[in-house]
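The values are calculated or read from the model by the stated rules, or taken from the named source; none is laboratory data. Bear in mind the structure is a predicted one, so any value in this text is a computation, not a measurement. Don't worry about glycine lacking a Cβ; one is built from the backbone with ideal geometry, like all the others, and counts go over all protein chains shown. Heads up: the accessible areas ignore ligands, DNA and RNA and are worked out on the full protein's heavy atoms, side chains in. Shrake-Rupley method; radii C 1.70, N 1.55, O 1.52, S 1.80 Å.
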Amino acid sequence: MSFPRKTHWTRNVTPDLDGKEVVLTGWVWDVRDLGNIKFVLLRDREGIIQLTIKKDVAPESVWSLTQSLGKEDAIVVKGIVKASKIARAGVEVFPSEIHVVAKSKALPIDIWGSVETDLDTRLKYRSIDLKRPINSLIFRVESETVRAIREVLYSRGFIEVFTPKIIVTSTEGGAELFAVQYFERVAYLAQSPQLYKEELTASLERIFEIAPAYRAEKHNTNYHLNEFISVDIEEAFANYIDVMDVLEDVIINVYDKINRAFSSELAKYGIEVKVPKKPFRRITYDEALDILGKRGLKINWGDDVPKNGLEVLSEEFGEPFFIIHFPTDLRAFYTKPLDSDPRISESFDLVIGGLEIASGSSRIHVKEQLIEALRKRGLNPENFESHLMVYDYGMPPHAGWGMGLYRLLMVIMRRDNIREVVLYPRDRFRLEP
């Protein structure tokens with residue numbers, strides 16, 4: 001089968017192309033029959049455009065074929081662009097050719113918004129559910145988000161790396177791991193690139209990775225997954241303040257790029273992206289507990305701030321904010337304590353919209369202190385021998401953070417469930433499709 005090759009996305013067909021020929025590809029979103037004139041709404045990844053077919057004006061082959069078009073038929077269209085004051089997009093296309101390249105059966109779920117379908121059913125038919133325009137927008141925004149993240153990190157001298165996801169032991173200690181049979185031995189899926197990225201600061205200095213991570217905790221919440229995309233950075237000759245500054249630039253660039261590229265489309269769904277300004281507000285862990293106590297939420301010193309506490313703090317501050325100086329015992333073993341008070345660490349969480357989006361710290365770079373921190377948490381330093389070895393050969397002071405890509409998207413897109421911003425989510429109960 002041969003047919004013309006696509007020349008334009010629907011969003012690129014604008015009134016200034018009036019009189020020009022274009023080739024569009026996509027799916028039939030709807031057909032409206034008004035007798036001697038038919039309107040076909042063509043949907044592609046970027047949007048929806050109107051095809052206008054008039055009897056005795058359109059070629060007979062086009063008019064005839066239009067009679068049999070059904071929703072979600074895949075088609076290729078060649079036609080002439082006409083500026084229009086009536087069409088919603090300000091433009092319509094008059095086809096000279098329509099090629100049906102694949103017919104569609106009746107869909108098992110509604111993608112047009114006429115019938116509300118629960119999320120579990122939508123995820124069961126995920127590949128079909130992804131045809132919904134809001135889903136197309138979500139994943140276009142996700143792609144732009146990743147590009148914006150990389151843009152900032154490359155501009156700051158970071159290089160992208162790819163660390164192993166099949167490992168021999170826990171990177172953080174205590175976290176449940178997914179075991180996999182690795183030939184004659186048992187290995188595990190990595191829940192973080194943490195130890196690798198720290199080691200790489202001793203050679204590559206500034207590195208980042210955007211990659212899957214796996215956590216075997218038996219969560220069943222709207223904001224946890226067992227497979228997720230983690231954005232990680234690590235910087236040599238830096239501390240937690242330095243990498244907080246990097247994180248601020250990343251978030252601002254993401255919001256700015258999304259606002260520039262998608263503001264009008266997002267507005268259709270009532271989503272406004274407000275670009276935050278530097279510096280983000282910073283409150284200490286102690287200050288957070290004090291504020292929450294005054295709001296009636298008592299948290300014992302040494303306990304983590306729960307989700308409802310983060311929501312209260314977001315109501316208090318609104319914009320993205322950092323919580324800094326968590327108790328040392330609350331953080332991972334590699335977290336550096338404050339020199340002035342070892343009970344408190346050089347650590348931070350970034351909170352947006354009541355959700356922890358990123359977490360980071362200065363790291364311990366002195367081998368003896370790291371061994372002591374391992375033992376204090378009941379971990380055997382011998383299990384970390386290959387990691388500790390690096391600290392004998394000029395391990396620089398370093399700091400870094402990890403950010404959940406899906407959580408960031410969840411906040412930006414105002415979704416109540418993280419599964420909505422994941423193509424094929426993996427949680428405690430979902431292993432397909």
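Less than 19 Å from a label point 7 Å out along the Cα-to-Cβ axis of residue 20: which backbone N atoms in segment 55-94 qualify, by residue?
What the label zone holds, given the 19 Å backbone N cut-off, is 77-85, 89-94.
Treating the angle as unsigned and between 0 and 90°, give the value, to the nearest 10°, between the Cα long axis of helix 133-155 and the longest Cα principal axis of the chain.
50 degrees
Say a paramagnetic label sat at a point 7 Å from the Cα of residue 294, along Cα to Cβ; which residues of segment 313-356 have their backbone N under 16 Å from it?
313-318
Once the piece of chain linking residue 12 and residue 105 is laid out straight, how much longer is it, given 0.36 nm per residue of separation minus the C-alpha distance between them?
30.5 nm
Please work out the FRET efficiency for the pair residue 278 and residue 176, using the Cβ-Cβ distance as r and a Förster radius of 60 Å; give the result to the nearest 0.05.
For R0 = 60 Å, the calculated efficiency reads 0.95.
If you roll a 1.4 Å probe over the heavy atoms of the protein chains, what accessible area per residue do you get for the chain, in Å²?
Each residue of the chain exposes 49 Å² on average to a 1.4 Å probe.
If one takes the longest principal axis of the Cα atoms in the chain, at what angle in degrees, from 0 to 90 and to the nearest 10, does the Cα axis of helix 367-376 lie?
The angle comes out at about 90 degrees.
Put a dot 7 Å past each Cα toward the Cβ at residue 55 and residue 32; how far apart are the dots in nm?
Calculated label separation equals 1.9 nm.
First compute the accessible area of segment 171-307 with a 1.4 Å probe, then give the percent of it belonging to carbon and sulfur atoms.
48 percent
How long is the gain from residue 319 to residue 139 if the chain were fully straight, where each residue apart is worth 0.36 nm and the alpha carbon distance is subtracted?
In short, 62.4 nm is gained.
Measuring from centroid to centroid over Cα atoms, what is the spacing of segment 268-321 and segment 329-349 in Å?
Going from one Cα centre to the other spans 20 Å.
Evaluate the distance, in nm, between pseudo-label points positioned 7 Å from the Cα of residue 67 and of residue 120 along their respective Cα→Cβ axes.
4.6 nm
How much length is gained on full extension from residue 431 to residue 217, taking 0.36 nm per residue of separation minus their Cα-Cα distance? Let's see the in-between values first.
Details: separation 214, 0.36 × 214 = 77.04 nm, distance 1.51 nm.
So the chain would gain 75.5 nm between residue 431 and residue 217.
Can you give the helix-only mean residue ellipticity at 222 nm for the chain, where every DSSP H stretch with n ≥ 4 adds -39500 (n - 2.57) and the sum goes over all residues, rounded to the nearest 500 deg cm²/dmol? Don't skip to the end; give the middle numbers.
Working: 11 runs with 119 residues, N = 433.
Per the formula, -8500 deg cm²/dmol.
Counting only protein heavy atoms and using a 1.4 Å probe, what share of the accessible area of segment 348-403 belongs to carbon plus sulfur, as a whole percent?
Carbon-and-sulfur percentage of accessible area, whole number: 46.
Bins of 10 Å, beginning at zero and ending with the bin holding the largest distance: percent of Cα pairs per bin for segment 1-54, please.
Whole-percent P(r) values from 0 Å outward: 23, 50, 27, 1.
Kindly state, as a whole number, the per residue volume in cubic angstrom of the convex hull around the alpha carbon atoms of segment 101-177.
Expressed per residue, the convex hull around the Cα atoms of segment 101-177 is 223 Å³.
If one takes the longest principal axis of the Cα atoms in the chain, at what angle in degrees, from 0 to 90 and to the nearest 10, does the Cα axis of helix 240-267 lie?
Long axis of 240-267 versus the principal axis of the chain: about 10 degrees.
Work out how far the C-alpha atoms of the chain reach from end to end along every principal axis, then list the three figures in whole Å, largest first.
Largest to smallest, the principal-axis extents are 86, 56, 40 Å.
Report the paramagnetic label zone for residue 382: residues of segment 178-204 whose backbone N is under 16 Å from a point 7 Å from Cα along the Cα-to-Cβ axis.
Counting only backbone N, you get no residues.
Distance between the C-alpha centers of segment 376-433 and segment 67-91? Whole Å please.
Their Cα centres are 45 Å away from one another.
About the Cα centre of segment 148-256, how large is the charge dipole given +1 on each Lys and Arg Cβ and -1 on each Asp and Glu Cβ? Please answer in debye to the nearest 20.
Working: 8 positive and 19 negative charges, 94 e Å.
Dipole of segment 148-256, to the nearest 20 debye: 460 debye.
Put one equal scatterer on each alpha carbon of segment 253-336, apply the Debye formula with no solvent term, and list log10 I(q)/I(0) at q = 0.26 1/Å to two decimals.
For segment 253-336, the Cα-only Debye profile gives -1.22.
For the residue pair residue 184 and residue 5, what label-to-label distance in nm results when each label sits 7 Å from Cα along the Cα-to-beta-carbon direction?
If labels sit at residue 184 and residue 5, their model points lie 5.3 nm apart.
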